[in-house]
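Presented below is the structure to which this report refers.
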Amino acid sequence: MLNTIYSDAETRMKKCIENLHATLMKVRTGRAHPSLLDSIKVPYYGTDTPLNQVANVSLSDSRTIMVSPFEKNLVAAVEKAIMTSDLGLNPVTVGTVIRVPLPPLSEERRKELIKHVKLETENSKVAVRNVRRDANAQLKECLKDKTISEDEERQGQERIQKLTDKHVEEIDKIFTHKEAELREV
């Protein structure tokens, strides 16, 4: 019973960290990365389709993303989708290839992005603490049902706390790394 509670808590905490990684991948730094365009949807035969399903997205250099639509008639739609996204990018079309240069970030924009990253990391920490709260509630329920002793419950809470501390520390490391990446000129 206790091992089930521990493994469930650890799995959920790992998912919180994976979610943070996915969220922070979308935060634009000075460097180009193909995943920056993952959130863009392109109208394709009446349905909004993710960009990576209608085009090949690659890097030409550290500050330029190249998008090559699979069909020639999609070039204008892809360009418009990138332009109207909230990323603030200005694509340039050269034949059937769309180049998306990433302008260097201003100091003001860097500070704004760091605040956003800090908010996301705090949300992840809250999510990890919520998992801890749920696991501790399960332990209390087991104690109430007399399936575990008071000592086992206390040891379980200590083990859950160590797990929480480990994941919160990992979230802090992720934030420190992303902050350093954003401050890099």
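Being out of contact with any Phe, Trp or Tyr (no Cβ under 9 Å at 6 or more places or on another chain), free of Cβ contacts under 8 Å to residues at least 24 places away in the same chain, more than 23 Å from His177 (Cα to Cα) and among the acidic types (Asp, Glu) narrows it down to one of Asp134, Asp145, so name that one.
Residue meeting the stated conditions: Asp145.
Of the residues that sit in region 62-98 and are under 22 Å from Leu113 (Cβ atoms) and of a type in the set (D, E, K, R), which one is surrounded by the fewest Cβ atoms within 10 Å (Cβ to Cβ)?
Checking each candidate, the answer is Asp86.
In region 155-185, what count of residues is obtained for those that are of a type in the set (Gly, Ala, Ser) and under 22 Å from the mean Cα position of the chain (by Cα)?
Here the count works out to 1.
Considering region 49-80 alone, what residues qualify as being of a type in the set (Val, Ile, Thr) and in contact (Cβ under 8 Å) with a residue 12 or more places away in the chain?
Passing the criteria: Val54, Val57, Thr64, Ile65, Val67, Val75, Val78.
Return the pairs, sorted by first residue and then second, in which the second residue is surrounded by 14 or more Cβ atoms within 10 Å (Cβ to Cβ) and modelled with pLDDT of 85 or more, the first residue lies in region 81-110 and is farther than 12 Å from Leu36 by Cβ and among the small types (Gly, Ala, Ser), the beta carbons are less than 8 Å apart, and the residues are 6+ apart or on different chains.
Partner pairs satisfying both residue conditions: Ala81/Ile40; Ala81/Lys41; Ala81/Val42; Ala81/Pro43; Ala81/Leu51.
The values are calculated or read from the model by the stated rules, or taken from the named source; none is laboratory data. Being a predicted model, the structure only gives us computed values, none of them experimental. Every residue, glycine among them, receives a Cβ derived from its backbone with ideal geometry; neighbour counts consider all protein chains shown.
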